[in-house]
Amino acid sequence: MSTRRTLLQGAAAAVLPGLLLARGATAAARPADFAAAAAKDPLLTPLFGVSDATGDRDAEARLLGRWPAELRGRFYRNGPALYERAGQRYHHWFDGDGMVQQYRIGEGHVVHRGRLVRTAKLAQERAAGRFVVNTLGTAFPGQPPASGPDSFNTANTNAIEHAGRVLALWEGGSAYAMRPEDLATTGPVTWRGDLAQMPFSAHPKLDAQGHLWNIGAAGRKLVVWHIDPAGALAGVQLTDSPFPGGMVHDMAVTARHLVVPLPPLKLDFLSPIEGSRRRFGMTAGEPLRVLVMDKNDVAKQRVFELPPQMVFHVGNAHETADGEIVLSFVGAPDASFLDEGAVAMMAGRPGAGSRSHAFLARLNMASGQARLERLPGSDGGVEFPRIHPARVGLAARHLVFGASWIDGPGREHALFHGLQLLDVETGRVRRFDYGAHQIVEEHVFVPKPGGRGELDAWLLGTTFDARRQATVLNLLDAARIEDGPVAQAVLPYGLPLGFHGNFTAA
Ligand SMILES: [Fe+2]
């Protein structure tokens, strides 16, 4: 056995001590408290989530506008969906069991199918009839330590179809595979026998050649995954983390490098706890680190330091001819969304969380110096940055975000009501406002068949429309974002709010 393989096995074992979950907590939140709050605000209906009895959904959507005949494929989204069992409600939005939504688009129809991911956790709690597994934000009394990352894997963060299967992704454990034809869960993906349960995070990057690159945080180590276009493991590497135990949520890939923001926040499951609620704060005095690694040899690396801030998501990264790596990302001054905002949502008062902004970091690989520039755009918060899929790892001129810019009466909470398209070259910002009665989720670029250029594309994404009390799939022309949707597909029900998703052309 090679040294590298032994190291990887050691890292797999090292995942476990970091995941020993606390005991002695009191109780989860109460569903009735949320219901009382939600009764006053029709925008909050999605935060009831789904019950286990009615969790799966199937329907043909009602079509509005003109769906282009040449748009054919499957759009996936994932997010926490099941928040309550047996009189207990999770404290934290990120805790809910994952539900993958699939929209089949083509031949004059949009057909929706939503399936809870059949994780080991879901099966265990179905059998118990109540929550029994400690999650990211909620601890239950008297639970034994976790047996491994997948024992509390909710598979609730992202969904991408790759090499004939849908991967339901979560930050801290295995990907769960589902069948594209019916969204049946086939089980956790073990890329190699000795790497079972090694974290395969929720934000892999798919390059234009079909290679999937990903990372995972395993104790004091970082794992780097390379999956080939056929869905086989092409490589796995291991390196020490420059910020061990820190949250590692998203990453970017360039032609030669992997670029990983490491915000100064540790997901320490041993402390602290308030009642049954975990607390997460940034570590004072620590910078935002950006780890740059050579794709082919992750031991070749540089760590850049930027002013302290919280980062969930990157837009993109690329290399310049003069040896810089340019990284776009969304940063926030603190971790208040993770610690307060996502908790307030579950309680029916989603107003907390510091406002986030888009940034560009220029990382000089020769000098090790970094320059940070705040990009133009909304002062009311942005998130969910996406680019044209053909530009992953190359210079991308246009970024789309969910965004807020309305303040005041009628819009007291922090959820997004609009889309913002940023031209990084000119600084021009263009917007579409769905209105204060809608919650805007992530929108993705879908290239037009035969299209040339980044804006020769559609933007595809969902909103929750509080007037209709329904989830709506929206299609916009990226070159004319201000005009709003050219076509919509209205579901006969509302879905829980999701995080991320991806489109696969048919
Ligand atoms: Fe994310």
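Judged by the mean number of other Cβ atoms found within 10 Å, the most tightly packed of the peptides 316-325, 91-100 leads the ranking 91-100, 316-325. Each Cα pair under 8 Å and six or more residues apart adds its sequence gap; the mean of these over the residue count of segment 277-322 is a relative contact order of 33 percent. Averaged over residues, the count of other Cβ atoms within 10 Å places the peptides 449-456, 460-467 in the sequence 460-467, 449-456, highest first. Only protein atoms count toward the accessible area here, which uses a 1.4 Å probe; on segment 3-495, the carbon and sulfur part of that area reaches 51 percent. Pairs of Cα atoms nearer than 8 Å and 6+ residues apart set the relative contact order; for the chain it is 15 percent. Computed from backbone phi, the HN-Hα couplings of segment 330-338 come to 10, x, 10, x, 7, 9, 5, 5, 5 Hz, rounded to whole numbers (Karplus: 6.51 cos²θ - 1.76 cosθ + 1.60, θ = phi - 60°; Gly and Pro given as x). Seen from Gly402, the other residues with C-beta closer than 10 Å to its C-beta sum to a net charge of -2, counting Lys and Arg as +1 and Asp and Glu as -1. Rounded to whole numbers, the Karplus 3J(HN,Hα) couplings from phi for segment 102-119 are 10, 10, 8, 10, x, 6, x, 9, 10, 10, 9, 9, x, 9, 4, 6, 7, 7 Hz, using 6.51 cos²θ - 1.76 cosθ + 1.60 with θ = phi - 60°, and x at Gly and Pro. Rounded to the nearest 500, the helix-only mean residue ellipticity at 222 nm of the chain stands at -2000 deg cm²/dmol, with each DSSP H run of n ≥ 4 adding -39,500 (n - 2.57).
Can you give the relative contact order of segment 273-388 as a percent, counting alpha carbon pairs under 8 Å and 6+ residues apart?
22
Dipole check for the chain: with +1 at the C-beta of Lys and Arg, -1 at the C-beta of Asp and Glu, and the Cα centre as origin, the magnitude is about 600 Debye.
Dividing the radius of gyration of the alpha carbons in segment 3-495 by their Kirkwood radius gives 0.93 for Rg/Rh.
For the chain, report the accessible area per residue in Å² (1.4 Å probe, heavy atoms, rounded to an integer).
37
Summarising the amide proton neighbourhood of Val486: residues at separation of 5 or more, or on other chains, whose placed amide H is nearer than 5 Å comprise Leu475, Leu476, Asp477. At full extension, Asp456 and Thr283 could sit 58.0 nm farther apart than now, given 0.36 nm per residue minus the alpha carbon distance. Across the protein chains, with a 1.4 Å probe defining accessible surface, the residues Thr185, Thr54 rank Thr54, Thr185 from largest area downward.
Order of 287-297, 65-75 by packing, highest average Cβ count within 10 Å first?
Values: 287-297: 18.9, 65-75: 15.5.
Most protected by this proxy first, the peptides run 287-297, 65-75.
Residues in segment 299-313 carry Karplus couplings, in order, of 6, 7, 8, 9, 10, 9, 10, 10, x, x, 6, 9, 10, 9, 10 Hz; the curve used is 6.51 cos²θ - 1.76 cosθ + 1.60 with θ = phi - 60°, and Gly or Pro positions show x. The modelled label-to-label distance for the pair Ala69/Ala390, using points 7 Å beyond Cα in the direction of Cβ, is 2.3 nm. For Ser356, nonlocal amide neighbours, meaning residues 5 or more places apart or on other chains whose placed amide H falls under 5 Å from its own, are Gly381, Val382. The stretch between Asp52 and Ala184, if pulled fully straight at 0.36 nm per residue, gains 45.9 nm over its current Cα-Cα span.
Report the net charge of residues surrounding Leu71, where surrounding means a beta-carbon distance below 14 angstrom and charges are Lys +1, Arg +1, Asp -1, Glu -1.
Values: positive: Arg66, Arg72, Arg74, Arg104, Lys448; negative: Glu70, Glu107, Asp456, Asp477.
Net local charge, Leu71 excluded: +1.
Taking a straight line from the alpha carbon of Lys221, these lysines sit under 18 Å away, with near neighbours fewer than eight places off in the same chain left out: Lys266, Lys295, Lys300.
With a Förster radius of 25 Å applied to the beta-carbon distance between Thr504 and Ala196, the computed FRET efficiency rounds to 0.40. Using Cα positions and a limit of under 29 Å, work out the lysines in reach of Lys448, with same-chain residues fewer than 8 apart set aside. The reachable lysines, counting only those whose Cα sits under 29 Å from Lys448, are Lys205. Distant-in-sequence amide contacts of His313, defined by a placed amide H-H separation under 5 Å and a gap of 5 or more residues or a different chain, comprise Val330.
The values are calculated or read from the model by the stated rules, or taken from the named source; none is laboratory data. None of these values were measured; they are calculated from a predicted model. With ideal geometry, Cβ positions are generated from the backbone for all residues, glycine too; neighbour counts draw on all protein chains shown. Remember, those area values only see protein heavy atoms, side chains included, never the ligands or the DNA or RNA. Shrake-Rupley method; radii C 1.70, N 1.55, O 1.52, S 1.80 Å.
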